[in-house]
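Please read the structure below before turning to the comments.
None of the figures in this text is laboratory data; all of them are computed from the coordinates on show. Since this is a predicted model, take the numbers as computed values, not measurements. Note: ideal-geometry Cβ built from the backbone for every residue, glycine included; neighbour counts use all protein chains shown.
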Amino acid sequence: MRLVRIGVAAVSVKVADFAGNAERLRAVIAEAHTAGVHLLVAPELAISGYSLEDRIFWADIVRESWETLLSLAQDCAGMSMFVGLPVSANALLYNASAFIHNRNVCGLILKKYLPTYSIFYEGRNWTPWLEGVTQINGVPAGDLAFRLPFGMVSAEICEDLWSPQTPAYQRVLAGAEIICNGSASPFTPRKNEYRRRLVQGAAGNLMCVYAYANLLGCDSSRLVFDGGGFVATPDSVVVEGPILSKAPWTLTTAVVNLDDIRRLRAENTTWRQDAARNHGTVRVQVIEAGENRFEPAPVADYAALLPKSFFMPESHPAQDEAELCLNELFDALVLGLRDYFEKVGVFERFLVALSGGRDSALCLLLAVHAAKSLNNGHDAAQYAKRIQVVYLPNRQYSSSATEEAARSLAQELGVQFQVVAIEEEAKVALAKAAELMGGEDRVTPLARQNLQARVRGNMMLNWANSANALLLVTSNLSEAAVGYTTTGGDNQGGYSPIANVPKTLVSLLVQHIAKRDNLRALQKVLAIPPSAELAPDQRDEADLMPYVILDDLMYLFAKRRMSLVDCWRILCHRHKDHNAEQLRTWTARFGKLFVHNQWKREQLPVTMKVMDLDLDPKTGFRFPVTQSIEHELEDLAAAKPE
């Protein structure tokens, strides 16, 4: 049997940190040697970091990447490895996966499909490889397969797998038995399950072993990669790596029998007919990677991965999908926040303005978990020294209930809590506003509310300066959609961990963590209706609409690109507890607020992207600042339910 041990690595890297990235890749390589790995797969652009954006146009990025590759190759004695890096040829930049065999860089697979949708803008920076083979830095590059002592291998890169015309098809027809995919696929809840199905489907369709590796952590600022990894055969996913690990890297290995691939291809008439039909049209160059003695993996290791029954699938305990989704989302937010804090490298602690509400409570929970995982968790016992929270009441509007909720949560989490009142500062701000306007009666109610938020924002920013701290912005996605934030106030800070999380999901996360971690103080938070507490008896949903309605409209209009009329008609069926005319009023209000507040979204602080729906113009949502929505509103006013 040709028993080959394959390793898939999830690695946390930092953009342009060639020394740090190489150190982590070397640690993976060393562990792979210890585990007896024959073929190691590392993620897309693992040498340089994926989120290069326009940094790729500086020549040192390509140069340093290549020098790092040559250095890493020297650690690969007796082993093969695919690892991602940027390369350049004739002023064209390519996203490549370099193949190393026994210390030699044998060739480069070049990415064919460049996503330029959602949060991806690869077409701005990279050149797609069309077909054929060229030379880059003295080695073949393009459509390649590599013949090794145990069989033939090839690769594709991330989006290539997601294309209906995957380049791996030509490569398996050329003889490749193992297809490796290094990816930088960002997290969204349960996305790894979709990847699993995709990888399993590719292995079955291509009659090959498919090895998939993904980046881990936050490599720049906004994207969170969940790691994981798979090794799949046409029959099953043999092994799956852990997702959202807080370790700097993970290595997952499996032993596969390549004789099974040869047998399946020989037995399958469709495979044989396809191979015969395409004979002579395959434009893949096979590289002889060089001799190296192949010692098969132990039969015992292969046997250990076989199913308990060859005739019946294994049963697994039922798991609550919603609970899995919430746990994944919370862990991704923690991972992204922790990585941002560490990789920026200038902060000493987290600051949170704790209001007693759900958004700031969730931000504090994230900060506590992130602080516990700093320095690979070695300083977990000292987490409280990394966090400071403050409650900033204006006694005219702030309630005793919110102060008690904030204080109780801080105490239960064991973090420092203080109260700093803002009444005097708010009075001064109001007096100055009146002076500018020529009288207090000319200061609008909205300005009276916002000046309080700006006092708080200014105090927190000044505190962050003095404390060398990362100030967390506590605004959520629903508020960003309709501009329910104060520019220069609660939307200002260092990092916005929940700005991509809708309000309804914030509430679900807080409820879930309260139950999971038995945090009694969160029940006090959840008992308080959402309120900015900037005016007497203020309620967010009275100012706007019920959050469940707002979030439905946000998804249908911004994600599904539906007209306001269609949004309203769907609401009429989804929310029958509200009459159609009230829903029409809310839909019109949402439309106007959403369109007229793009200027605020343009000023969002650095935001973590964790959901498919993304309103951050710096990542996934390009929307005009000035535009008309009058025709949509007229259509909505005249529409009839269906």
Qualifying aspartates and glutamates (Cα of each under 14 Å from Cα of Lys609; at least 8 residues distant if same chain): Asp219, Asp226, Glu328, Asp331, Asp339
Nearest 10 degrees, 0 to 90: helix 321-344 Cα axis against the chain principal axis: 90
Nearest-20 debye value, the chain charge dipole, Cβ charges on Lys, Arg, Asp, Glu: 340
Helix 18-35 vs. the chain, principal-axis angle (Cα, 0 to 90°, nearest 10): 50
Signed unit charges on C-beta, dipole axis of segment 3-304, positive-most listed residue Val37, Thr233, Ala27: Thr233
Cα-based Kirkwood hydrodynamic radius, segment 1-94, one decimal, Å: 13.8
Alpha-carbon spread of segment 587-639, three principal axes, descending order, Å: 40, 22, 15
Between 0 and 90°, nearest 10: helix 445-467 axis offset from the chain longest Cα axis: 50
Segment Asn104-Arg262, length gained on full extension (0.36 nm per residue, minus Cα span): 54.1 nm
From the C-alpha gyration tensor of segment 138-207, square roots of 5λ in Å: 23, 14, 11
For a label point 7 Å along the Cα-to-beta-carbon line of Ser466, residues of segment 401-431 with backbone N under 12 Å: none
Pairwise centroid distance, computed over Cα atoms, of segment 11-57 with segment 539-577, Å: 44
Between segment 404-441 and segment 82-140, the alpha-carbon center distance in angstrom: 54
At R0 = 25 Å, FRET efficiency that the Cβ-Cβ distance of Glu193 and Gln165 yields, to 0.05: 0.55
The chain, relative contact order [Cα under 8 Å, separation at least 6], %: 12
Flagged links, alpha-carbon separation over 18 Å, of Lys559/Lys618; Lys503/Lys559; Lys14/Lys385; Lys246/Lys503: Lys14/Lys385; Lys246/Lys503
Whole-angstrom gap from segment 584-642 to segment 233-276, using each part's C-alpha centre: 44
Ranked Asp543, Asp614, criterion: other C-beta atoms within 10 Å, fewest first: Asp543, Asp614
If the convex hull is drawn through the Cα atoms of the chain, its volume per residue in Å³: 193
Descending principal axes extents, segment 3-304, alpha-carbon based, whole Å: 50, 41, 40
Ranking of Asp160, Asp490 by count of other Cβ atoms within 10 Å, fewest first: Asp160, Asp490
